[in-house]
Amino acid sequence: MFVSCPLLADDCLEYKQKPEVTLSKPEYIIEINQPDESMDLSLHGHVIANMSQKTGIETKLVFIKTGFCVILKSIDVEFGYNNFLVEIDKVYKENTCPFDAVMAHEQKHIDTYLSVIDDFKSDLKNTYFTAADSVMPVFIAKKSDFDNAIEIINNKIKNHPDLILTIQKIKAEEEIRNKKIDQMENGVDLMKCFE
């Protein structure tokens, strides 16, 4: 197992630099599924949202007398939702009023997920900068340890407490907004199809 020696890692501190951060959202797709099993009557449909978090990092390798320093230069983050699975009760046939009413309701949930990510864009970028900036250069004795150093850097970014907290805030805000949609609509548009 690869271990970075703290004393030798201190030799790398002088090479630390402020990382650049770019943040983007992934393209997303919407899939519709009508499960064979009947759905709960209160849930004529629902959305399963798949959050994606991909981090690409750019590093610099500096030779020092005892080995190499791996320095984080920049991170390129893709954060958001890349897939929404909408499940609609199979009793509603496609291109019917009930199906369209359920789909319109679920689209509001999808829009909510996307709007929360948009609203947190600045916080996310700042948080990723804080996480990346906290990563010290990693000392490696030989070039073959480079991949392990990259894994260490990635793990330090992903597990940074500020980033974990920001993701928890995003999830909480999504839950609040989605509950408001359900409370406000309460199946009214769907019921109109049966009047």
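Values as computed for the structure displayed
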{"read-out": "Residue within segment 73-80 that is assigned to a strand (DSSP E or B), in contact with a helix residue (DSSP H, G or I) (Cβ under 9 Å, 6 or more places away or on another chain) and within 26 Å of Met184 (Cβ to Cβ) present", "value": "yes"}
{"read-out": "Qualifying position, being touching a helix residue (DSSP H, G or I) at 6+ places or on another chain (Cβ under 7 Å), of a type in the set (Lys, Arg) and either in contact (Cβ under 8 Å) with a residue 60 or more places away in the chain or surrounded by 20 or more Cβ atoms within 10 Å (Cβ to Cβ) (or both), among Lys142, Lys108, Lys125, Lys93", "value": "Lys108"}
{"read-out": "Sole exception among (1) farther than 21 Å from Asp11 by Cβ; (2) touching a Phe, Trp or Tyr at 6+ places or on another chain (Cβ under 9 Å); (3) not hydroxyl-bearing (Ser, Thr, Tyr) for Ile176, by number", "value": "(2)"}
{"read-out": "Selected residue [among the hydrophobic types (A, V, I, L, M, F, W, C), surrounded by fewer than 16 Cβ atoms within 10 Å (Cβ to Cβ) and more than 24 Å from Met184 (Cα to Cα)] from Ile30, Ile57, Ile64", "value": "Ile64"}
{"read-out": "Some residue of segment 98-118 being within 25 Å of Lys169 (Cα to Cα), within 13 Å of the chain's Cα centre (by Cα) and modelled with pLDDT under 95", "value": "no"}
{"read-out": "Within segment 25-50, tally of residues that are more than 30 Å from Thr96 (Cα to Cα) and in contact (Cβ under 8 Å) with a residue 60 or more places away in the chain", "value": "1"}
{"read-out": "Residue among Ile157, Ile181, Ile152 that is of a type outside the set (Gly, Ala, Ser), surrounded by fewer than 16 Cβ atoms within 10 Å (Cβ to Cβ) and in a helix (DSSP H, G or I)", "value": "Ile181"}
{"read-out": "Ile71 being in contact with a Lys or Arg (Cβ under 6 Å, 6 or more places away or on another chain) and crowded, with 18+ Cβ neighbours inside 10 Å", "value": "yes"}
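Conditions tested, residue by residue: (1) within 26 Å of the chain's Cα centre (by Cα); (2) part of a loop (DSSP other than H, G, I, E, B); (3) at positive phi; (4) at pLDDT 90 or above.
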position	(1), (2), (3), (4)
Phe2	no, yes, no, no
Leu8	no, no, no, no
Asp11	no, no, no, no
Leu23	yes, no, no, yes
Ile30	yes, no, no, yes
Asp36	no, yes, no, no
Asp40	no, yes, no, no
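Matching residues to (1) within 26 Å of Ala49 (Cβ to Cβ); (2) in contact (Cβ under 8 Å) with a residue 12 or more places away in the chain:
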site: Val116; (1), (2): yes, yes
site: Ile153; (1), (2): no, yes
site: Asn159; (1), (2): yes, no
site: Lys169; (1), (2): yes, yes
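The values are calculated or read from the model by the stated rules, or taken from the named source; none is laboratory data. Just so you know, these numbers come straight off a predicted model, no measurement behind them. Note: ideal-geometry Cβ built from the backbone for every residue, glycine included; neighbour counts use all protein chains shown.
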